[in-house]
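The values are calculated or read from the model by the stated rules, or taken from the named source; none is laboratory data. Treat the numbers as computed from the prediction; the structure is a model and nothing was measured. Glycine gets a Cβ as well: all are built from the backbone with ideal geometry, and neighbour counts include every protein chain shown.
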Amino acid sequence: MSSYKQTRKEISEPDPFLKKSSGYLEKAAANKKTILAVGGALLVLTVVIIAISGISRAKGRAAGEALSEAMTLVARPVSEGGQSSPGESAAFPSKQAKYEALEAAFQKICDEHAGTQAARSAAYYLADAKLNLGKYDEADRLYAAFIAQMEAGAPMRLMALEGRAYAAEARSNTDAALGIFQQMGKESQDESWKTKADFHAARMREIQGKKQEAADGYAAIVRDHKKIYTVSAHAQERLAILASQGIRPAPAEKADGAQKK
């Protein structure tokens, strides 16, 4: 809200804006051709703005429709025999065929509708398709660009971080994967995402041969996140495997102290 206050003198005097406006109108009246030309130009400008706005909305609708159509492919099942249930869309004969179709569909949206919200969303699914096709470098670049446009903690940003970590792992860069999983855990405000990130961080340590640290990480999940049942169950399985190798988690207090360091 404005804090401007008029003095009594200013209130009693003619408005400066009105004074200037009157002067402009007087000059314009003296040259009708000029005012008509200016008016015509303004009219043309208005029509152009309306046209651009209409085109923008139309492009947005077209992009949205293309994205919606592509998303039906995401939901379409995979059946090695190519068999579909009654009333179900034709199944893909293999995962390879599905992700190739997704790659083509989402690439087309990104190319033909660049700059739209639909294209930005399509970029994530394109990265996911490339990840599943083994095109890890391309997937990583797409995930990175997508992450840069999203706010920290946004669900799709977390999904992209996860995808990027998988791409790093697939290229045997476990240090990068570990760092990304840790970032994912720090950004998330949701316990299920944090637990998932912690599990994968522990898994990266196990792959790196840091089995005691991995065991401590798995144990913390089992101890503190039992209600995230699926992840907790996987952590319990990894603990059993490590135990068979003679690796057991440190007592809770010792493990917590080690983590603080």
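Numbers at a glance
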read-out: The listed residue being free of Cβ contacts under 8 Å to residues at least 40 places away in the same chain and either exposed (fewer than 14 other Cβ atoms within 10 Å of the Cβ) or not assigned by TED's automatic domain parsing to the domain that holds ARG205 (or both), out of ALA122, ALA118, ALA167; value: ALA167
read-out: Single residue of region 197-219 satisfying the filter (over 17 Å from ALA176 (Cα atoms) and not acidic (Asp, Glu)) that is surrounded by the most Cβ atoms within 10 Å (Cβ to Cβ); value: TYR218
read-out: Condition check for ASP137: exposed (fewer than 14 other Cβ atoms within 10 Å of the Cβ) and free of Cβ contacts under 8 Å to residues at least 40 places away in the same chain; value: yes
read-out: Restricting region 66-88 to residues that are within 21 Å of GLN107 (Cβ to Cβ) and polar (S, T, N, Q), the residue that is modelled with the highest pLDDT; value: THR72
read-out: Test: residue in region 93-110 that is touching a strand residue (DSSP E or B) at 6+ places or on another chain (Cβ under 6 Å), over 22 Å from MET204 (Cβ atoms) and either in a helix (DSSP H, G or I) or modelled with pLDDT of 90 or more (or both); value: yes
